[in-house]
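This report concerns only the one structure given below.
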């Protein structure tokens, strides 16, 4: 038994009459609706195609190690650096001893006051750790371990390390390295427009910034830019070479069991040879002297004249 739905005669007649009177308008309405539907489908197909092309480019960039082509906004660097600094504070004790920090600030001042760095803000911190290590964090935070300051034999060696770390910040090496480590996951999130998810992921894993090992290209670039910064500030740049060469010598002889700075800032002989070939542009007498500031720093570190 089948049942057929039918309208009451008077309603059926009203509908048929409306269709007869507005047949032309209804025909155009159906046509326009169909065209809009086709346009919507075309937009969806085009968007999918464009997304596939962007994903293909991201895959190529990932394979080529060029994920930094997906650029991160500069304003993201400060929260990244702050997050990594907070993790360092959980691991190390930071000193507030002005007898140590004041002479260090005076040693670093010519670099921080350089016109080339006027657009960047750097903040120096010192931990009480005896490790020979330093960290350059996105946003301009530079952390030095007490062990590194104690290892230095001249103010120019400390300035060389600071200039090198500043160069890593200026070149955005930490952020670039993080992006390369995240690889395709980060690329896909960026492609999908998930900027907030990308930033959240980076902040969550900002601890990677403390153990990243910079590439040889990054180290060379930091050496070159750091050297230029030292020259502009009238600081003898050979201090940079002397410090890293001294660490290399200690590591090769085994006089220092572990040098953390070399694990994150590799200094192979090729890099040392390259630094040794650089020539200062000024005569030694034309560079500024920081002997007084260095002695004050050593006094703040508790290094007596007998140990110097």
Where a residue in the stretch 247-259 is under 16 Å from residue 153 (Cβ atoms) and its partner, wherever it lies, is in a loop (DSSP other than H, G, I, E, B) and at pLDDT below 70, with Cβ under 8 Å and at least six apart: 247/256; 250/256
Single residue of 73, 68 found to be within 28 Å of the chain's Cα centre (by Cα), farther than 30 Å from residue 292 by Cα and at pLDDT 65 or above: 73
Unique residue being surrounded by fewer than 22 Cβ atoms within 10 Å (Cβ to Cβ) and either in contact with a strand residue (DSSP E or B) (Cβ under 8 Å, 6 or more places away or on another chain) or part of a helix (DSSP H, G or I) (or both) when the list is 104, 149, 88, 144: 88
Unmet requirement for residue 126, which otherwise passes all of (1) within 19 Å of residue 110 (Cβ to Cβ); (2) free of Cβ contacts under 8 Å to residues at least 60 places away in the same chain; (3) over 21 Å from the mean Cα position of the chain (by Cα): (3)
Some residue of the stretch 199-221 being modelled with pLDDT under 70, closer than 24 Å to residue 112 by Cα and in contact with a strand residue (DSSP E or B) (Cβ under 8 Å, 6 or more places away or on another chain): yes
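Looking at this structure, is residue 236 more than 25 Å from the chain's Cα centre (by Cα), in the same structural domain as residue 111 (by TED's automatic domain parsing) and buried (at least 20 other Cβ atoms within 10 Å of the Cβ)? Don't jump to the end; show me each part of the working.
Details: more than 25 Å from the chain's Cα centre (by Cα): yes; in the same structural domain as residue 111 (by TED's automatic domain parsing): yes; buried (at least 20 other Cβ atoms within 10 Å of the Cβ): yes.
So residue 236 passes the test.
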Meets criteria (assigned by TED's automatic domain parsing to the domain that holds residue 157 and surrounded by 15 or more Cβ atoms within 10 Å (Cβ to Cβ)) for residue 251: yes
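Could you please let me know if residue 162 is assigned by TED's automatic domain parsing to the domain that holds residue 96, outside any helix (DSSP H, G or I), in contact with a strand residue (DSSP E or B) (Cβ under 8 Å, 6 or more places away or on another chain) and at pLDDT 90 or above?
Numbers: assigned by TED's automatic domain parsing to the domain that holds residue 96: yes; outside any helix (DSSP H, G or I): no; in contact with a strand residue (DSSP E or B) (Cβ under 8 Å, 6 or more places away or on another chain): yes; at pLDDT 90 or above: yes.
Spelling it out, it is not the case that residue 162 is assigned by TED's automatic domain parsing to the domain that holds residue 96, outside any helix (DSSP H, G or I), in contact with a strand residue (DSSP E or B) (Cβ under 8 Å, 6 or more places away or on another chain) and at pLDDT 90 or above.
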The stretch 107-134 - residue that is touching a strand residue (DSSP E or B) at 6+ places or on another chain (Cβ under 8 Å) and in a loop (DSSP other than H, G, I, E, B) and, of those, modelled with the lowest pLDDT: 122
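The values are calculated or read from the model by the stated rules, or taken from the named source; none is laboratory data. Keep in mind the model is a prediction, meaning the values are calculated, not measured. So basically every Cβ, Gly included, is an ideal-geometry build from the backbone, and we count neighbours across all protein chains shown.
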